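To keep things clear, I will list the structure first and then write my remarks on it.
The values are calculated or read from the model by the stated rules, or taken from the named source; none is laboratory data. All values reported here derive from a predicted model rather than from experimental measurement. Cβ placement follows ideal geometry from the backbone for every residue including glycine, while neighbour counts extend to all protein chains displayed.
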Amino acid sequence: MMDESVSITQIVQRLKGTNLHSQLEKQAKECLHKPEIKLETLKDDVRRLLKASGWERKLQNAVYRELHILPPPGHPRAPPEHTKEPLAYMRKTQVNWEKRILKSLNSMCTELGIPLARKRPVAEQKELTNKWNEMGTDEPDLSKFRPVYAPKDFIEVLVGLKNPNNERSEDLTVRSHWGLIQVSLNVRDILQMVSLPFFISLPSIFLMSRHKELVSEQDSAAAQQYSRQGCPTGLRAQLWSLILNTTNDPEDITHYEQLKARVIHHDLLVDNLIYKDVKLTASNDDYYFVFEDYLYQVLLCFSRDTAVLEHFNYNCATPPKSCIQSKSGSEQCAVVYPPNGVIPFHGFSMYVAPLCFLYNEPSKLYSVFREMYIRYFFRLHSISSHPSGIVSLCLQFERLLQTHLPQLFYHLREIGAQPLRIAFKWIVRAFSGYLSTDQLLLLWDRILGYDSLEIVAVLATAVFVFRAENLMEVTSLASAEAVLADLSTLKVMPLLQIFLFATSV
Amino acid sequence: MFPVWCNKLTLKQQTAGPKGAYSSQKKKEGVSAVLLRCVSLCFMLASCIHVSPCSDGDWDFNWCDVGWLRENFDHSYMEEHVRICHFRNHYELTRKNLMVKNLKRYRKTLEREAGRLEASKCDFFPCTFVLPSEYHIFVEEFKRSPGSTWIMKPVARSQGKGIFLFRKLKDIIDWKKDGSRSEEQKEEAQVESYVAQRYIENPYLIAGRKFDLRVYVLVTSYIPLKAWLYRDGFARFSNTRFSLSSIDDQYVHLTNVAVQKTSPDYDPEKGCKWQMQQLRQYLTAKHGFETVQTLFKEIDNIFIRSLLSVQKTIINDKHCFELYGYDILLDQDLKPWLIEVNASPSLTASSQEDYELKYRLLEDTLHIVDMEGRLTGKEKRVGGFDLMWNDGPVYTDVGLETLGSSCLVANTHLGCVNDRQKQLQQLLKPFPGQKRT
């Protein structure tokens, strides 16, 4: 009970002072002029009118959104880091990892003699403004830059995670865990997954009228429920936007324009990392290369968006700080760098690329991406015990595979092809760039619908199960990689169905 | 003419024989044994053992180029079962000037017989004039719309060669000086006619880039007209962002891969193509299901009417079939425009995916041509091909009761799922001795 009232207080606190709050007040005041309002029943009448005009629904959606990003409940005396991540050894590993990344970034900065941030001269600002819609035509010299880290670096950190209280015997038994992740976290097994209604029904045209209702009702929670079945292509953009409660109000557009202005005025070192990443990944993809310009427009703004710092309330990571020389040169103060606290890594732009299929107004695309990042994607590269965190997902993948295809797992292990080494890159990117776009969007429908990334781990297992026969024949890591190199022909929902239902009996 | 990507193709040196001609044993009984190999492997791999090169005239199936056709068709005697991949005067549809002439004439007839509304369904090609013969009416039209951009295309060239854009008459005045050639000279290789066409200045752009669509239509007979539409196809993107300010930059405006390949930006690994399915998904996500459904219906209309316009002109021949490559451009209002029709669509592949598409396309073409006589002739779908027109519109068998029985759904599925393997397995279950009707 106490938790609930604490949450309610928190949400009320957060919503106070937002634009929605002032709009509601305004609407309520306007209601007072209406003839139907009676003094005796003032409160009820105003509420009724707000409901009829759709404002109550907007408030509901806003509350619903806040529930998604509420920090985890904790003891009032516990320090925030403990609430965000209760396991001390995880916190420690995360801190060390952050130190490494920051060191790498700073040393690149020193080596290349490029400042972390620099104000652009007026001429350059003008040029950039003119070229804003075609930044992809720029060919800056990026050869000196290297990504700060790549998934293959990150996996080593996760593999090295150890609970100091856990004595792990060296013997490999049937009961022991054969995979790379050496920590024990509570992850859902297949029976538990199946009991969540993961049934997959094909949307039929009989439901078409329902789709239209959903959009006209503007109900976040209903849209989220609906998305569990997969969204029809023609309505996905609206439904996702509804689920994430992203609007394209004047305030959102203004906010985006402000970010754009920040990009124009200052050049950040991380911008080069973004350019490099886009050029290396999305630009080389047959389906995403057209969206190159949009990716810059989103990611450069994203780096400068301090509103993203809010997600560190529940993200166990800490925003990296760098020392910036003050104007007088005498002091050094630590500021968050980059401003949004997120250092991009190799493949980061692939979180944005699929969204370009749905949204082409940069401010809209931006809002949706940002919300997806602060709800889901951040968990894929920070070390925590959260069920949707990367550690849990990797562990879940390994456990599912070991439980259901022990022979395959054992075989792969023997030939030096630990399954996680192959699946990790899919999980970190939530399969973006590996599945064909239409299939990827169907997968992300479910991430939104179930508010969890677990389906990514389940899909990774299902892929191995699907190609098990071929995998049993391989004799090296390289050949295992080859069998699993091309996922572009896979159909996500049938694969999941076969895995979840055929194997759960 | 051979698919260039197959390096296994070392067809034994032709003597003076025609290119790409495959013989089989003359006897009918022997045919299935040999041809089956040819068909199932498709002729790219037919370099292997069971097919031998042949001398003039001794073939059952000829995938020839238009040059050979022009020289030899009239002198060849073809037995009943023989098949050849072009119609004698295919150029009525595929030469830009003749296509325009036929379309204009068809439109006029339609207007006379069925009224304005029906005729307006033919308004899918931009205003075009054949030069030099229509030079004067072209100038009149040009002057009526000052500032608009026009595109000049040589009549018989392909792959973007010889095309240029212009806005001022003086850009082509010099050309006109040489332009007073006689009609007979048109047939000669050196002399070219041109068409001047209103340039579509508001193409539909994806992420600032222009693209056009390549769609495949197979015609197995003109009288009666029987045409099939392939579900796969692709969108070819221009490598650079679209802008009207640089009409000299032909790289921007021409989306043919052949031209793109010489663009300084071109990265062969990049792939300037999207599969039709991808494009259809993208458009549906942007504009909704119904809008895109309507768009594709309009595209079907282009195929059907363009074929109807030459139906009476093309010399029908039961030995002939033809696989056309249609180039379609979309404008910002999602209206499709016909750019041109190719009788010999390129079969070279720019990527693995492209190779697979063209391989499947050819394989299904051979299934429809059906040299082994495995089909009944009543099929509405063979592999990736859907029967689009069979002396009249073709509708799907699946009735959608919820939408009412009055709603007939066209049997075309451009950009839809192509589960051809499954369909072919069911269709071609061995039925020995089955005759084609």
If I filter the range B:309-327 for residues that are part of a helix (DSSP H, G or I) and within 14 Å of chain A (Cβ to nearest Cβ), do I get at least one hit? no
Before we move on, is B:I328 surrounded by 17 or more Cβ atoms within 10 Å (Cβ to Cβ) and outside the structural domain of B:N62 (by the TED database)? yes
Name the residues in the range A:224-254 that are within 12 Å of chain B (Cβ to nearest Cβ) and in a helix (DSSP H, G or I), would you? A:R236, A:A237, A:Q238, A:L239, A:W240
Among (1) surrounded by 18 or more Cβ atoms within 10 Å (Cβ to Cβ); (2) under 30 Å from B:P224 (Cβ atoms); (3) within 14 Å of chain A (Cβ to nearest Cβ), which single condition is B:A285 missing? (2)
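Just a yes or no: is a residue in the range A:64-86 among the charged types (D, E, K, R), assigned to a loop (DSSP other than H, G, I, E, B) and in contact with a helix residue (DSSP H, G or I) (Cβ under 8 Å, 6 or more places away or on another chain)?
The initial filter retains those residues of the range A:64-86 that are among the charged types (D, E, K, R), namely A:65-66, A:77, A:81, A:84-85.
Next cut, assigned to a loop (DSSP other than H, G, I, E, B) only: A:77, A:85.
Keeping just the survivors that are in contact with a helix residue (DSSP H, G or I) (Cβ under 8 Å, 6 or more places away or on another chain) gives A:85.
Within the range A:64-86, one or more residues are among the charged types (D, E, K, R), assigned to a loop (DSSP other than H, G, I, E, B) and in contact with a helix residue (DSSP H, G or I) (Cβ under 8 Å, 6 or more places away or on another chain).
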Residue among A:Y288, A:Y337 that alone is within 14 Å of chain B (Cβ to nearest Cβ), surrounded by 22 or more Cβ atoms within 10 Å (Cβ to Cβ) and in contact (Cβ under 8 Å) with a residue 40 or more places away in the chain: A:Y288
Hey, any hits in the range A:448-469 for a residue that's modelled with pLDDT under 95 and within 14 Å of chain B (Cβ to nearest Cβ)? no
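For the range A:434-446, does any single residue satisfy the condition of being in a helix (DSSP H, G or I) and more than 14 Å from chain B (Cβ to nearest Cβ)?
Taking the range A:434-446 as the starting set, the residues that turn out to be in a helix (DSSP H, G or I) are A:437-446.
Filter once more, so that each one left must be more than 14 Å from chain B (Cβ to nearest Cβ): A:443, A:446.
Yes, the range A:434-446 contains at least one residue that is in a helix (DSSP H, G or I) and more than 14 Å from chain B (Cβ to nearest Cβ).
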Go through the range A:2-44 residue by residue and tally those that are under 39 Å from the mean Cα position of the chain (by Cα) and of a type in the set (A, V, I, L, M). 9
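Before we move on, is B:Q293 surrounded by fewer than 19 Cβ atoms within 10 Å (Cβ to Cβ) and without any contact (Cβ under 8 Å) to a residue 12 or more places away in the chain? Quick ask: steps written out before the conclusion?
Details: surrounded by fewer than 19 Cβ atoms within 10 Å (Cβ to Cβ): yes; without any contact (Cβ under 8 Å) to a residue 12 or more places away in the chain: yes.
Spelling it out, B:Q293 is indeed surrounded by fewer than 19 Cβ atoms within 10 Å (Cβ to Cβ) and without any contact (Cβ under 8 Å) to a residue 12 or more places away in the chain.
Could you check how many residues of the range A:302-311 are over 10 Å from A:R370 (Cα atoms), touching a residue at least 40 places away in the same chain (Cβ under 8 Å) and either among the hydroxyl-bearing types (S, T, Y) or part of a helix (DSSP H, G or I) (or both)? Outline the logic, then answer.
Initial filter on the range A:302-311 (over 10 Å from A:R370 (Cα atoms)): A:303-304, A:306, A:309-311.
Now narrow it down to the ones that are touching a residue at least 40 places away in the same chain (Cβ under 8 Å): A:303-304, A:310-311.
Then keep just the ones that are either among the hydroxyl-bearing types (S, T, Y) or part of a helix (DSSP H, G or I) (or both); that gives A:303, A:310-311.
Total meeting the criteria: 3.
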For the range B:325-355, which positions are at pLDDT 95 or above and hydroxyl-bearing (S, T, Y)? B:Y326
Please verify whether the range A:368-379 includes one or more residues that are within 14 Å of chain B (Cβ to nearest Cβ) and at pLDDT 95 or above. yes
Tally the residues that are touching a helix residue (DSSP H, G or I) at 6+ places or on another chain (Cβ under 9 Å), of a type in the set (K, R) and more than 29 Å from B:Q197 (Cβ to Cβ), restricting the search to the range B:326-385. 3
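The rows are residues; the columns are (1) assigned to a loop (DSSP other than H, G, I, E, B); (2) within 14 Å of chain A (Cβ to nearest Cβ); (3) under 30 Å from B:F242 (Cα atoms); (4) within 19 Å of the chain's Cα centre (by Cα).
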| position | (1), (2), (3), (4) |
| --- | --- |
| B:S344 | yes, no, yes, yes |
| B:Y355 | no, yes, yes, yes |
| B:L366 | no, no, no, yes |
| B:E379 | yes, no, no, no |
| B:M388 | no, no, no, yes |
| B:Q425 | no, no, no, no |
From the list A:E134, A:E85, pick out the single residue that is buried (at least 16 other Cβ atoms within 10 Å of the Cβ) and either on the phi > 0 side of the Ramachandran plot or at pLDDT below 85 (or both). A:E134
Read through the list (1) within 22 Å of A:C356 (Cα to Cα); (2) of a type in the set (A, V, I, L, M, F, W, C); (3) within 15 Å of the chain's Cα centre (by Cα), then give the number of the only condition that A:L435 fails. (3)
Report yes if A:V12 is part of a helix (DSSP H, G or I) and in contact (Cβ under 8 Å) with a residue 40 or more places away in the chain, otherwise no. no
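Going residue by residue through the range A:264-278, is there one that turns out to be in contact (Cβ under 8 Å) with a residue 40 or more places away in the chain and within 14 Å of chain B (Cβ to nearest Cβ)? Give the steps one after another, and end with the answer.
Going residue by residue through the range A:264-278, those that are in contact (Cβ under 8 Å) with a residue 40 or more places away in the chain are A:264-270, A:272-278.
Checking the rest, the ones that are also within 14 Å of chain B (Cβ to nearest Cβ) come to A:278.
Yes; the residues of the range A:264-278 include at least one that is in contact (Cβ under 8 Å) with a residue 40 or more places away in the chain and within 14 Å of chain B (Cβ to nearest Cβ).
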Could you check A:P406 against (1) more than 16 Å from A:P151 (Cα to Cα); (2) at pLDDT 95 or above and say which number it fails? (2)
